Amino acid sequence: MRKPAAWTLQAVPDQTGRVAVVTGANSGIGYVTARELARRGAHVVLACRDPGRGRAALTRMGDEVPGAHLELRQVDLGSLASIREFAAGWRRGRLDLLVNNAGVAMVPYARTADGFESQFGIDHLGTFALTGLLLPHLLAAPDPRVVTVSSEGQRFARFDLDNLNAERGYRAAFAYVQAKRANLYFAVELQRRADAAGLRLRSMAVAPGLTRTNVLTGGANSSRGRLYAALTRLLVRVAFRPPLEGAKTSLYAATEPGLPGGSYIVPDGLLQLRGEPVRRTRERAIRDAATAADLWRLSERLTGVGYALSAAPC
């Protein structure tokens, strides 16, 4: 049987007229996702924590895609105040697409501005809060989508609702895969609730596969020392794919016309580490509605953000 042709960026349909927000768009997968959406005609808001790096990315992207409709706005997913400020300052009316890409990985123990363990606080709670606060603008769009970047590593999480915030010790890898499992629970539970409310919102989760980004060497990981930096850069260069390949699952989930809400898009290769985008349905976390609902209630309590899942206009 002939293997299906590789999915390429040329398959992304025209995005003219759509407004998109991509968090963490200043580098890596987020940068490629934002650039390719802009290349297809979308107005793309680069939502970045660091204004200096954001401005550099905006300039570079404008050079690579002449005539692109781009905008830079600052948001720190480690601060609920920053997230609320970003949402309160939204002036574009409807929002067609939100790509929850930003996150941290395998970082030393730290707390966010609101006292949450940093990986759980940024990767999941920040994403949960931002999506909820932007929801009225998403529901004002005719065909809104939310894409949340999880990880192939979530399959190895021992998800513990009583220790999400590192109440009983901290191990960086454990906290990371648990936060990424939370991303998957969130994306699928958002779809369940949208369906129950009769909304056209489509929520997707994706795993990018092993991808060359600065998530293991930048940010909080930049203080780990020269040996860690050298070995990690060598590993990433040898074993990981370019960001262009890693961004395929995000772009597929964001733009594939017939993709049903609640889809989980992963690379089709061994252990989901590399390959072309494919919809995965046999994932235990996708069917675990009880844990997802418990996590949702906990997230609402910790962030103070509730979801108004109605079709009321923005």
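Taking amide H atoms as placed 1.01 Å from N in the peptide plane, the amide H of His69 lies under 5 Å from those of Val44, each 5 or more residues away in sequence or on another chain. Annotation: Phe120 carries an accessible surface of approximately 10 Å², with a 1.4 Å probe and no ligand, DNA or RNA atoms counted.
Quick one: length gained pulling Ala113 to Glu64 fully straight, 0.36 nm per residue minus the C-alpha distance? Please list the in-between numbers first.
Details: separation 49, 0.36 × 49 = 17.64 nm, distance 3.53 nm.
Full-extension gain reported as 14.1 nm.
The local environment of Asp123, defined by Cβ-Cβ distances under 12 Å, has a net charge of +1 under the rule Lys, Arg +1 and Asp, Glu -1.
Rg of the Cα atoms in segment 1-137, relative to 2.2 N^0.38 Å, amounts to 1.12. Considering only Gly89, Gly262, Gly24, the Gaussian network model of the chain with Cα springs below 10 Å gives its largest mean-square fluctuation to Gly89.
How big is the charge dipole of the chain about its Cα centre, in debye rounded to the nearest 20, if each Lys and Arg gets +1 on its Cβ and each Asp and Glu gets -1 on its Cβ?
600 debye
Debye-formula intensities of the chain, expressed as log10 I(q)/I(0) at q = 0.08, 0.12, 0.16 Å⁻¹, are -0.31, -0.75, -1.46 (one equal scatterer per alpha-carbon, no solvent). Each principal axis of the Cα cloud of segment 76-123 was evaluated for its coordinate range; sorted largest first, these ranges are 38, 19, 10 Å.
Ratio of Rg to Rh for segment 79-171, alpha carbon only, Kirkwood?
Computed over Cα atoms, the ratio is 1.02.
Our coupling estimate for segment 249-259, obtained by passing each phi through the Karplus curve with A = 6.51, B = -1.76, C = 1.60 and θ = phi - 60°, is 5, 5, 5, 4, 5, 7, 10, 4, x, x, 6 Hz, Gly and Pro reported as x. Averaged per residue, the chain has 43 square angstrom of accessible surface, using a 1.4 angstrom probe with ligands and nucleic acids left out. Taking the protein heavy atoms of the chain in the context of the full set of protein chains, the accessible area attributed to carbon and sulfur is 54 percent at 1.4 Å.
Considering only beta bridges that DSSP places wholly inside the chain, some 15 percent are antiparallel.
The values are calculated or read from the model by the stated rules, or taken from the named source; none is laboratory data. For clarity, every value in this text was computed on a predicted model and none was experimentally measured. Using ideal geometry, Cβ is built from the backbone for each residue, glycine included, and neighbour counts are taken over all protein chains shown. SASA here: full protein model, heavy atoms, side chains in, ligands and nucleic acids out. Shrake-Rupley method; radii C 1.70, N 1.55, O 1.52, S 1.80 Å.
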